[in-house]
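The values are calculated or read from the model by the stated rules, or taken from the named source; none is laboratory data. These numbers were taken from a predicted model, which means no experiment stands behind them. Cβ: placed from backbone, ideal geometry, glycine included. Neighbour counts: every protein chain shown. Ligands, DNA and RNA are stripped out before the accessible areas are found, and what is left, the full protein with its side chains, is counted by its heavy atoms. Shrake-Rupley method; radii C 1.70, N 1.55, O 1.52, S 1.80 Å.
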Amino acid sequence: MPSDINTILKLKVPVIVQIGRRTMSVQDVLALGPGSILELDKNADEQLDLMVNNKGVGVGAAVKLGENFGIRIGDIGSAHQRIAAMAGDEA
């Protein structure tokens with residue numbers, strides 16, 4: 001049984017850092033092109049949402065790591081909440 005747990009713990013799941021959301025008409029989406037700018041519903045200094053399986057599991061602040069961006073976790077749900085998000089369950 002412990003080997004089953006170790007196998008599960010090694011599974012990879014998509015982790016999403018969401019900077020904002022916006023609803024647009026199909027017409028507006030089709031009009032997007034290189035150089036287009038989308039205004040989002042968050043201020044630049046607000047926390048970013050950390051999501052697994054499209055479920056919120058925490059929040060954090062954007063950080064620059066060399067030429068890349070990352071997220072510094074500020075608050076994260078319990079292990080139970082994170083497992084529920086990966087399973088697609090409501091926590």
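In summary, the lysines within cross-link reach of Lys12, defined as a Cα separation below 25 angstrom excluding same-chain residues under 8 places away, comprise Lys55, Lys64. Rolling a 1.4 Å probe over the protein heavy atoms gives the chain an accessible area of 83 Å² per residue. Residue ranges 53-61, 4-12 sort as 53-61, 4-12 when ordered by packing (mean number of other C-beta atoms within 10 Å per residue, highest first). Provide the net charge surrounding Asp49, with neighbours chosen by a C-beta distance below 13 Å and charges set as Lys +1, Arg +1, Asp -1, Glu -1. Value of the local net charge: 0.
Shape index of the chain: Rg/Rh, with Rg the Cα radius of gyration and Rh the Kirkwood radius from the inverse mean 1/r over Cα pairs, equals 1.07. The amide H of Gly77, built 1.01 Å from its N in the peptide plane, has Gly58 as neighbours under 5 Å, considering only residues 5 or more places off or on other chains. Taking the 1.4 Å solvent-accessible surface of the chain as the whole, the part contributed by carbon and sulfur is 56%.
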